[in-house]
């Protein structure tokens, strides 16, 4: 009798997860690539305005992750994923109509096109109202996007646990998680081009529509492996090898625990807290790189995302993160050497935690060329993605399948909170550093122009000079021949310093909470 060869359909499912994650990150990147050069001039946003929008997105995403995990566990994978990507695609498209809504609220011009909305907004003299209304509308669109996007990783991690044995999960996770890199990679090559030629609004509409296309493939290609006609018996045995081994080793007379999968019940375990701490400390680093790098290149080096150099720099930065595929291979190497899954993953994560230290050199060496911080930050981002693939897999190592999405959601909440803090305070820090640490012809900006420091005179001062914020004023002075030292680079140095050490701190706390592998029985 010829032994049946195991099929490879599980990798088709992994490919679907990869493309879902790619669309996920494309949708969240549209704003970061358009706000500085396209949206801000229209609505007069500052770094703080953008920081507030991204910070609240992180909070919405965090809370959404908490409930998305339970939602995916209750709805199960197929329906839960469809709901998630449907909602976030609607949210992505909603951003495009924030300009028209601002025009309608402030000027009564509702039934106008995108260009008509721009003209109506330009006639509104109360800049503060334009800022406030537009920010609120974008926050609402980000809310819808965040609630939907929160379902991606709980659903993807649950699907990975359904289709892959423990030894392959880090590799499968690193592959689908690379979709975030591909999304970030494709974004600077496509989104600024769309925004430049067809308007920033169309970039949200075109990218947002990709999610609806993915939904069709998911409907026809996904089902549970045990009932899927494309999963043969040999592949099913391979997928379920851990369950089979546990059943063989189980004591038939032992009383099985009947713990319920609830958020509060999961919080009783150190394993949950270790995962949550790791996410809280490090998720914000990736989101900072994702949301602020276009603005960093523009503010510190004067390179716009729509410029060829800007597109190439962002492309190279995110291309480097493709090295994160190693993140899936390295723990498998340790496991094949005899280590258990958790020990192998933690050793790999410790190795990855040292690479972000290179980010400490990004700003000090930036005077050589903007390519130096681009490459160093790219290495730090690659280390994050390798770390991320493994920290996600620790959930599947220690929790039963029925609890994976819930625990992943708890970690997502923690990661979102960390992202909230780094985004909200980065925006405030960058505005502060630009105002307080900038020099004009060797003299402090605030000493030379004290009107900027006074809230009562600042708006009139900017209006008198025909600018919307400090950054535009500094550029105007530079164009008029002044020697400018922009203090914002010092603000970026502070944030980069945290990004560099976050992973080592997180690893040591995780190790203290869970020193060795201890599966949870629910």
Subject >> For the chain, calculated [θ]222 nm from helices alone, where every DSSP H run of n ≥ 4 adds -39500 (n - 2.57) >> reply: -25000 deg cm²/dmol
Subject >> Whole-Å semi-axes of the ellipsoid equivalent to the range 379-431 (Cα gyration tensor, √5λ, descending) >> reply: 28, 15, 5
Subject >> Nearest-ten-degree value, helix 166-198 long axis tilted from longest Cα axis of the chain >> reply: 30 degrees
Original post:
Could you state the number of Å between the C-alpha centres of the range 465-522 and the range 319-372?
Top reply: 19 Å
**OP:** Give the relative contact order (percent, whole number) for the range 374-522; include only Cα pairs under 8 Å separated by 6+ residues.
**Re:** 31 percent
Subject >> log10 of Debye I(q)/I(0), alpha-carbon scatterers only, for the chain at 0.10, 0.11 Å⁻¹ >> reply: -0.79, -0.94
Original post:
So, in nm, how far is label residue 443 from label residue 367 when the simple model puts each one 7 Å beyond its Cα toward the Cβ?
Top reply: 2.5 nm
Original post:
From largest to smallest, what semi-axes in whole angstrom does the range 76-166 give when each is the square root of 5 times an eigenvalue of its alpha carbon gyration tensor?
Top reply: 39, 12, 8
Original post:
So how far, in whole Å, is the C-alpha centre of the range 106-144 from the one of the range 162-176?
Top reply: 45 Å
Original post:
If you find the alpha carbon centre of the range 185-199 and of the range 271-290, how far apart are they in angstrom?
Top reply: 29 Å
Original post:
Is the shape of the range 172-221 best called rounded, prolate or oblate, per the rule: a/c under 1.5 gives rounded, else a/b larger than b/c gives prolate, else oblate, with a ≥ b ≥ c the square roots of the Cα gyration tensor eigenvalues?
Top reply: oblate
Subject >> Taking the chain and dividing mean pair separation by its residue count, relative contact order in percent (alpha carbons under 8 Å, at least six apart) >> reply: 26 percent
**OP:** Can you tell me the relative contact order of the range 267-382? Whole percent, Cα pairs under 8 Å, sequence separation 6 or more.
**Re:** 27 percent
Original post:
Once the Cα atoms of helix 488-513 and of the chain are each reduced to a long axis, what angle between those two axes, in degrees from 0 to 90 to the nearest 10, is obtained?
Top reply: 20 degrees
Subject >> Translational diffusion of the range 409-476, µm² s⁻¹ [Kirkwood Rh, Cα pairs; Stokes-Einstein; 20 °C; 1.002 mPa s] >> reply: 155 µm²/s
Original post:
Across all directions of projection, what mean area in square nanometres is found for the Cα convex hull of the range 1-156?
Top reply: 12.0 nm²
**OP:** Could you tell me how many degrees, from 0 to 90 and to the nearest 10, lie between the Cα long axis of helix 371-398 and the main elongation axis, the longest principal axis, of the Cα atoms of the chain?
**Re:** 30 degrees
Original post:
Using 1/(1 + (r/R0)^6) with R0 = 35 angstrom and r between the beta carbons of residue 139 and residue 484, what's the FRET efficiency to the nearest 0.05?
Top reply: 0.60
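Computed from the coordinates by the stated procedures, all read-outs in this text should not be read as laboratory data. Predicted, not measured: the structure shown is a model, and the values here were computed from it. In this analysis, Cβ positions are derived from the backbone assuming ideal geometry, glycine residues included, and neighbour counts consider all displayed protein chains.
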